[in-house]
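This report refers to the structure that appears directly beneath it.
The values are calculated or read from the model by the stated rules, or taken from the named source; none is laboratory data. Quick caveat, the model's predicted, so the values are computed rather than measured. Cβ: placed from backbone, ideal geometry, glycine included. Neighbour counts: every protein chain shown.
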Amino acid sequence: MAKSNKPLVWGLFAAGGTLTAFVTPVLVYVTLMAAYGDPPAALDYENIQAFAANWLGKLALFVVISLSLWFAAHRLRTALHGLGLRADTAIAVAGYGISAVGTVLAAYYLVQI
């Protein structure tokens, strides 16, 4: 049997989809609370910066960002295939390449905090 990269891609897609489905609505709600009103004390800049400066917070942010990127890349690939765009290799290279670059940049900027 030939080796395939599909389990790796599908694993990242499944993990990213699950995480995005649970975390993104909460992030949208928290962002709206902060933008439209007086945010609770937990959403003050100092608290958010302390969370992002902690290694566990950095890890959580990295996982959310990177898995969401991989989920979006694979979802876009399958959507374009469903719409009839059959340049699958080019789409895969572009989409997963952007996800890889985004993952590296997320790691870089989180380390800078």
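Structural remarks
- Candidates ALA42, ALA107, filtered to the one that is exposed (fewer than 11 other Cβ atoms within 10 Å of the Cβ), of a type in the set (A, V, I, L, M, F, W, C) and assigned to a helix (DSSP H, G or I): ALA42
- From the list ILE98, ILE91, the lone residue that is of a type outside the set (S, T, N, Q), under 20 Å from VAL9 (Cβ atoms), touching a His at 6+ places or on another chain (Cβ under 8 Å) and free of Cβ contacts under 8 Å to residues at least 40 places away in the same chain is ILE91.
- Meets criteria (at pLDDT 85 or above and buried (at least 16 other Cβ atoms within 10 Å of the Cβ)) for PHE51: no
- Some residue of the range 49-59 being closer than 21 Å to GLY97 by Cα and touching a residue at least 12 places away in the same chain (Cβ under 8 Å): no
- Restricting the range 7-39 to residues that are outside any helix (DSSP H, G or I) and not small (Gly, Ala, Ser) leaves a set whose member that is nearest to ALA79 (Cα to Cα) is PRO39.
- Within the span defined as the range 72-80, one or more residues are over 30 Å from ASN47 (Cα atoms), in contact (Cβ under 8 Å) with a residue 12 or more places away in the chain and basic (Lys, Arg).
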